[in-house]
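A.B. asks: Attaching a single structure in structure tokens format; questions to follow.
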Amino acid sequence: MSTFRVALKKTVDDSYEIEVGRDLAGKLAEDLKRGLAGGCRRFALITDSNVEKLYAEAIRDKLLEAGFEGEIFAFPAGEKNKTRETKAALEDRMLEAGYRRDCFVLAVGGGVVSDLAGFLAGTYGRGVPFINYATTLLAAADASVGGKTAVDTPLATNLIGLFNQPKKVYIDIDCWSTLHAREISSGLAETVKHACLADEAFFEYLEAHMDGILQNEPKACERMAQWNCEIKYQVVMKDEREAGLREVLNLGHTVGRAIETLSEYRLLHGEAVSIGLTAACALSVQMGYMTEEEKDRVRDLLVRAGLPVGIPGYIDREALVQKLYTDKKVRNGRLRFVIPKGIGEIVEFRPGVFAEEISENTARQIIMEMDPRA
Ligand SMILES: NC(=O)c1ccc[n+]([C@@H]2O[C@H](COP(=O)([O-])OP(=O)(O)OC[C@H]3O[C@@H](n4cnc5c(N)ncnc54)[C@H](O)[C@@H]3O)[C@@H](O)[C@H]2O)c1
């Protein structure tokens, strides 16, 4: 028997820019001319069936005018299509169209598109560069930044994927003007979550500007988008691979992801997170980390943002308790929750540990006591 050691230490610089602004397609074309995607001149623009007509075609035309080659690969919109099957179908179409390793992937759309396209880019030809052009508030607030990519399976959301950082993220606030009110609210859930976990001043800003944000008031929307990115960046920079601190971004997602799957995606991701955040606050009050008044402030802000804070009648609450076990924070078969500490902080249970074991009975009690959805 013999052993051969493969010495392979890596130094990686995955730094990238996030640009927040309006009508950024021209800027994207300029950046690409300056070498944003390395030497690649052929793009695969991945988008969904709604965004294709709204924005993707104009972006494609801009890139063709700038001398790049490429085409659109669209898939039917909706969370239920964020699957391995959709990824495989897109890959087959790209292979048939002759795409090889010398291409880059441009994701144009919301979080479903960026999660799926980012995952695809990470495995296509063992990895090609990808760029995110975020068109929803939720993608701007959360999904497009941080390098987590994934697809859903029938069991649960986001369990299959990879860490894959984009070359650049464009957050085009103009695109929010065509979003349905429910989609705006959905993005605001991740925004309120960020404020709750990291910054009371941001929470106060949202309380003061919620009405303007809901009316797409430019200054407030831009400030909010920047604030969201700063918070996510601060966390991801310190813990890209979710060894500890990054778990704080899971606030509200233990119940949130479970209820999102159980609702069979009748609830939007942010709506599910809003319900999950409400549950995490109730748990925090029970554990003595938050006052009733603070819990009510969070609830009021979520309601003002147009979000649900109760459990829909069609959800079987006992099934919800059991679904909690599909959460990726589960360790050795035990449920773990991220718990807010007042507003603007997360409880650090031990140095570097931000999620705590919670007994099934406690989780059940919180879920059973939650309001029915109005
Ligand atoms: N990777 C991460 O870190 C991360 C973080 C949070 C959420 N997510 C994922 O993000 C997804 C949710 O994101 P989402 O809410 O953006 O969903 P989405 O991509 O499905 O977009 C929501 C809907 O809006 C449409 N749409 C997109 N842009 C539009 C526009 N400008 N005008 C009109 N309609 C538009 C889409 O076609 C879709 O019907 C979930 O899959 C969730 O798991 C990922």
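The values are calculated or read from the model by the stated rules, or taken from the named source; none is laboratory data. All values derive from a computational prediction rather than experimental measurement. Note that we place each Cβ from the backbone using ideal geometry, even for glycine, and neighbour counts take in every protein chain shown.
A.B. asks: Looking only at region 343-370, which residues are charged (D, E, K, R) and over 26 Å from the mean Cα position of the chain (by Cα)?
C.D. replies: Correct list: R350, E360, R364, E369.
A.B. asks: Could you pull out the residue among E260, E247 that is crowded, with 21+ Cβ neighbours inside 10 Å, away from the ligand (no atom under 11 Å from the Cβ) and not aliphatic (A, V, I, L, M)?
C.D. replies: Residue meeting the stated conditions: E247.
A.B. asks: If I filter region 5-64 down to residues being farther than 21 Å from N164 by Cα and acidic (D, E), which single residue comes out as modelled with the lowest pLDDT?
C.D. replies: Here the answer is D23.
A.B. asks: Let me ask something else. Test N132 against the criterion of being more than 9 Å from the ligand (Cβ to nearest atom), closer than 23 Å to A29 by Cα, under 13 Å from the mean Cα position of the chain (by Cα) and not hydroxyl-bearing (S, T, Y), and give yes or no.
C.D. replies: Answer is yes for this residue.
A.B. asks: Scanning for something within 25 Å of D92 (Cα to Cα), of a type in the set (D, E) and outside the structural domain of M237 (by TED's automatic domain parsing), does region 13-26 turn up at least one residue?
C.D. replies: Taking every residue of region 13-26 in turn, none turns out to be within 25 Å of D92 (Cα to Cα), of a type in the set (D, E) and outside the structural domain of M237 (by TED's automatic domain parsing).
A.B. asks: For region 153-163, which positions are within 11 Å of the ligand (Cβ to nearest atom) and either crowded, with 21+ Cβ neighbours inside 10 Å or over 17 Å from the mean Cα position of the chain (by Cα) (or both)?
C.D. replies: Once the filter is applied, which keeps residues that are within 11 Å of the ligand (Cβ to nearest atom) and either crowded, with 21+ Cβ neighbours inside 10 Å or over 17 Å from the mean Cα position of the chain (by Cα) (or both), region 153-163 yields only T157.
A.B. asks: Determine, yes or no, whether E242 is part of a helix (DSSP H, G or I), within 29 Å of Q365 (Cα to Cα) and either assigned by TED's automatic domain parsing to the domain that holds A134 or not basic (K, R) (or both).
C.D. replies: Against the criterion (part of a helix (DSSP H, G or I), within 29 Å of Q365 (Cα to Cα) and either assigned by TED's automatic domain parsing to the domain that holds A134 or not basic (K, R) (or both)), E242 does not qualify.
A.B. asks: Separate question: Go through region 22-62 and give me each residue that's among the hydrophobic types (A, V, I, L, M, F, W, C), surrounded by fewer than 21 Cβ atoms within 10 Å (Cβ to Cβ) and more than 16 Å from the ligand (Cβ to nearest atom).
C.D. replies: The answer is A29, L36, C40.
A.B. asks: For A121, all conditions in the list (1) touching a residue at least 40 places away in the same chain (Cβ under 8 Å); (2) within 28 Å of A198 (Cα to Cα) hold save one; what is the number of the exception?
C.D. replies: Just one mismatch for A121, condition (2).
A.B. asks: Could you please let me know if L307 is touching a Gly at 6+ places or on another chain (Cβ under 8 Å) and buried (at least 16 other Cβ atoms within 10 Å of the Cβ)?
C.D. replies: Answer is yes for this residue.
A.B. asks: Sticking with this one: What do you reckon, is A279 under 16 Å from the mean Cα position of the chain (by Cα) and at pLDDT 95 or above?
C.D. replies: no
A.B. asks: Tell me, please, whether a residue that is more than 10 Å from the ligand (Cβ to nearest atom), over 9 Å from the mean Cα position of the chain (by Cα) and not assigned by TED's automatic domain parsing to the domain that holds N250 can be found in region 135-148.
C.D. replies: no
A.B. asks: Would you mention how many residues in region 186-201 are within 10 Å of the ligand (Cβ to nearest atom) and either small (G, A, S) or not assigned by TED's automatic domain parsing to the domain that holds E345 (or both)?
C.D. replies: Here the count works out to 3.
A.B. asks: Filter region 73-90 down to residues that are touching a helix residue (DSSP H, G or I) at 6+ places or on another chain (Cβ under 8 Å) and either outside any strand (DSSP E or B) or within 14 Å of the ligand (Cβ to nearest atom) (or both), then give me how many there are.
C.D. replies: Qualifying residue count for the region: 11.
A.B. asks: Based on what the data block shows, is E65 over 18 Å from the mean Cα position of the chain (by Cα), more than 11 Å from the ligand (Cβ to nearest atom) and more than 25 Å from G146 (Cβ to Cβ)?
C.D. replies: Here the answer is yes, as E65 does meet what is asked.
A.B. asks: Of the residues D48, D31, D61, D92, which is assigned by TED's automatic domain parsing to the domain that holds N164 and closer than 30 Å to A272 by Cα?
C.D. replies: D48
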